[in-house]
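K.L.:
Before we start, here is the structure in question, set down as structure tokens.
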Amino acid sequence: MKLGNRTLESFSLVALASLVLLATSCSKDEETATPVTPTSTGNTNSTANTTPVLTGADGALWAVSTATNYTFPFLGTIQIDVNTGVAVFWDDAGAAIQAGTVKCNDSTLTFTNNAYAFQPTGGNVNGIEFSGGVNWNVTGGNGIPTFTRNTNAISFPIVDTVSSAGTIDRAVDYTLTVASVYGADSVYFAIGGILKRQGANDNTCTFTAAELGTLNAGTSVAQVVAFNYYPENIGGKDIYFGRERVVTKLVTLQ
């Protein structure tokens, strides 16, 4: 068994063209990576970490598609999609390492805070184009081999828009709901920094008054996050590829 720690903590898109990426590590307990629910922050003003933690990986590459509904006067509700990519690699001691240049489709990811990430800019607010599929290109380094992979063997899960109320009374239980989820290995539900994991294709999750009471009143974000992933051994390294669909809704906590 290899020694060391390897995990991918998370990143989430808080609003249009805003990316928050965290990368941490925890003990590697087994040879096959398994998803672990990231720790909830319990904070209204920061969104939960919704990309799965994977224990037991030498690398993890995620394509993330996020849809946020905004309501504008006279225009009604408009859905805005933002696509991005993130990649993290670890050495045998569990330290995050660089693996040369990393591209998701034609977009080069930037290495910062121990991880690679693509940040949408003012000239490209929708991010990476995923309509033609998801392709990764890694030039390699620090023990990570050079590789290119097409990940069209898996699809982005399908998640409907959030249909539950946008105003949440923290004194009573609240059920976060979408009409349906399809094609997911697992689903996360989050309000503010409170994160819960549900089974494949679950479309509802109840947050208790006790949980909601830990949050502050004000504007926050509700998220439903569905993901798929699969492993591949590349040059002796256990590399994981995943696709994640995130649906968000701005909510008011009272």
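K.L.:
So if each residue of separation counts as 0.36 nm, and I subtract the Cα-Cα distance between residue 150 and residue 252, what length gain in nm does that give?
P.N.:
32.7 nm
K.L.:
Next question. With the crude spin-label approximation of a point 7 Å out along Cα→Cβ, what separation in nm comes out for residue 169 versus residue 125?
P.N.:
3.6 nm
K.L.:
Ranked highest first by the average count of other Cβ atoms within 10 Å around their residues, in what order do 61-69, 74-82, 99-107 fall? Please list the in-between numbers first.
P.N.:
Working: 61-69: 23.0, 74-82: 11.3, 99-107: 18.9.
Going from most to least packed, we get 61-69, 99-107, 74-82.
K.L.:
I've got another one for you. How many angstrom lie between the Cα centre of region 87-105 and the Cα centre of region 129-176?
P.N.:
Taking the Cα centre of region 129-176 as reference, the centre of region 87-105 is 19 Å away.
K.L.:
Could you go through region 168-184 in sequence order and give the Karplus-derived ³J(HN,Hα) for each residue, using 6.51 cos²θ - 1.76 cosθ + 1.60 with θ = phi - 60°, rounded to whole Hz, and x for Gly and Pro?
P.N.:
10, 7, 5, 8, 10, 5, 9, 9, 7, 9, 10, 4, 6, 10, 9, x, 10
K.L.:
Follow-up question, since we're still on this one. Compare the peptides 164-172, 133-141 by average per-residue count of other Cβ atoms within 10 angstrom and give them in order, highest first.
P.N.:
Numbers: 164-172: 13.8, 133-141: 17.6.
Top of the packing list down: 133-141, 164-172.
K.L.:
Quick one: putting +1 on the C-beta of Lys and Arg, -1 on the C-beta of Asp and Glu, what dipole do you get for region 160-207 around its Cα centre, in Debye to the nearest 20?
P.N.:
140 debye
K.L.:
Mind listing the long-range amide H neighbours of residue 119? Cut-off is under 5 Å, sequence gap 5 or more, other chains count too, H placed in the peptide plane at 1.01 Å from N.
P.N.:
Hits under the 5 Å cutoff: 110.
K.L.:
With Kirkwood's inverse mean 1/r over C-alpha pairs for Rh, give me the Rg to Rh ratio of region 113-249, two decimals please. Walk me through the intermediate numbers first.
P.N.:
Numbers: Rg = 18.1 Å, Rh = 17.3 Å.
Result for region 113-249 is an Rg/Rh of 1.05.
K.L.:
Could you work out how much longer the chain between residue 75 and residue 101 gets when fully extended? Use 0.36 nm per residue separation minus the Cα distance between them, nm to one decimal.
P.N.:
The residue 75-residue 101 span can extend by a further 5.2 nm.
Here, each number is a calculation from the coordinates, and none is a lab measurement. These numbers were taken from a predicted model, which means no experiment stands behind them. Don't worry about glycine lacking a Cβ; one is built from the backbone with ideal geometry, like all the others, and counts go over all protein chains shown.
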